[in-house]
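Inspection log for the structure reproduced underneath, given as structure tokens.
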Amino acid sequence: MVEKFFALRQPHLASILGVTICVFLIISGSAHFFHAYQPPGDPKGSFAGFHYIAERRFADIEAAEMTRRVNEGELGYVTRINEMVHQSTYHCNPTDYSLSAVEFATSRLMKVLGFRFDWRQGLFGERMLCGFCHQRAIILARVLESNGIPAAAFGLNGHVVTLVQLEGGEYLVDPDFGALPYRYDVDDRSLRAGFDASYANVGFDDMDNIFEMVASREDNELYYSPEYLDGIQVNREILFSLAPYVAAIFIVFGMIGLSAFLLNNGSRAWRARSDDNIAAGAQE
């Protein structure tokens, strides 16, 4: 009796499972084209450059605007570009990043195929809206480097800033908070004074935790290599290039499967109805 019960229901269970898979493929494939990889920011937030983009996205700024102007001093140039990066991006929280179901599936496949891949790292090019502190520090460093000023992302074991070789000394610049450049290669007292003056304009009251990271120099170090981040960026762009095609495949296969199910069940229903009519005619 039990075996007969399950034998009768296995085709129905298989059909339900098949339809569920097809619907999932169609929905996830379609949702990909409406998915926001990063949120647009909160214009009601307190601070431009931290909660939302002030005016233009970084990707919309022309390269000519980032070049050093005639008679522009190094310190003034670094200050201007730091403010530009700060205002044209905003600070991301870990929960602000999300992949669509299609992007997630594609990223898993890429890892299986041996691609070095971490979609939270690197830069975003035209997709860039918000970034972690290290991403903004890297952007600033790359702009400065391309204009002849030695710079690199610098990890503070909890925060990342940009280390700049400037006017014969080492300076730290924080594009995440929009803090002004200040000397790093000085004694602790001068470091504190420079830090306080630098962060006085950011609008946040308590920056002591950031200073503690800066002052603990023994665990501060360069943050990732440019080669590593370039590799991550290339792989991520491959992901975003492939994902629309994978989404289209999801939709096509889902629709084919769902159509096949509907045709098959419609055909079975028609045959059953024909058999019933034949049986009814025979009884008459």
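Evaluate region 188-198: report whether one residue or more is part of a loop (DSSP other than H, G, I, E, B) and of a type outside the set (A, V, I, L, M, F, W, C).
no
For region 49-72, what are the residues that are of a type outside the set (S, T, Y), touching a residue at least 40 places away in the same chain (Cβ under 8 Å) and not in a helix (DSSP H, G or I)?
Hits for region 49-72 are G49, F50, H51, I53, R57, R68.
Give me the residue from region 152-187 that is part of a loop (DSSP other than H, G, I, E, B) and charged (D, E, K, R) and, out of that set, nearest to T89 (Cα to Cα).
Top of the filtered list is D176.
Return the residues of region 134-188 that are over 15 Å from Y223 (Cα atoms) and among the hydroxyl-bearing types (S, T, Y); say none if nothing qualifies.
If the condition is that a residue be over 15 Å from Y223 (Cα atoms) and among the hydroxyl-bearing types (S, T, Y), then S146, Y171, Y182, Y184 are the ones that fit.
Working only within region 210-225, note down all residues that are touching a residue at least 12 places away in the same chain (Cβ under 8 Å) and not small (G, A, S).
Listed by number, the residues that qualify are I210, F211, M213, V214, D219, N220, E221, L222, Y223, Y224.
If I filter region 260-275 for residues that are modelled with pLDDT under 90 and aromatic (F, W, Y), do I get at least one hit?
There is at least one residue in region 260-275 that is modelled with pLDDT under 90 and aromatic (F, W, Y).
Which residue out of I138, I81, I149 is at pLDDT below 90 and not in a strand (DSSP E or B)?
Only one candidate qualifies: I138.
Looking only at region 75-115, which residues are under 24 Å from A59 (Cβ atoms), surrounded by fewer than 17 Cβ atoms within 10 Å (Cβ to Cβ) and small (G, A, S)?
S98 - this is the single residue of region 75-115 that is under 24 Å from A59 (Cβ atoms), surrounded by fewer than 17 Cβ atoms within 10 Å (Cβ to Cβ) and small (G, A, S).
Right, S216: surrounded by fewer than 13 Cβ atoms within 10 Å (Cβ to Cβ) and within 30 Å of T79 (Cα to Cα) or not?
When the stated conditions are applied, S216 passes them.
Just one of (1) under 19 Å from the mean Cα position of the chain (by Cα); (2) at pLDDT 80 or above trips up I232, so point out which.
(2)
Using the structure shown, decide if I149 is in contact with a strand residue (DSSP E or B) (Cβ under 8 Å, 6 or more places away or on another chain), in contact (Cβ under 8 Å) with a residue 60 or more places away in the chain and surrounded by fewer than 20 Cβ atoms within 10 Å (Cβ to Cβ).
Yes: the conditions hold for I149.
Look at I210 and say whether it is part of a helix (DSSP H, G or I), more than 15 Å from V160 (Cβ to Cβ) and within 25 Å of the chain's Cα centre (by Cα).
no
The values are calculated or read from the model by the stated rules, or taken from the named source; none is laboratory data. Remember, predicted model here, so these are calculated numbers, not experimental data. Positions of Cβ are backbone-derived with ideal geometry, glycine not excepted, and every protein chain shown enters the neighbour counts.
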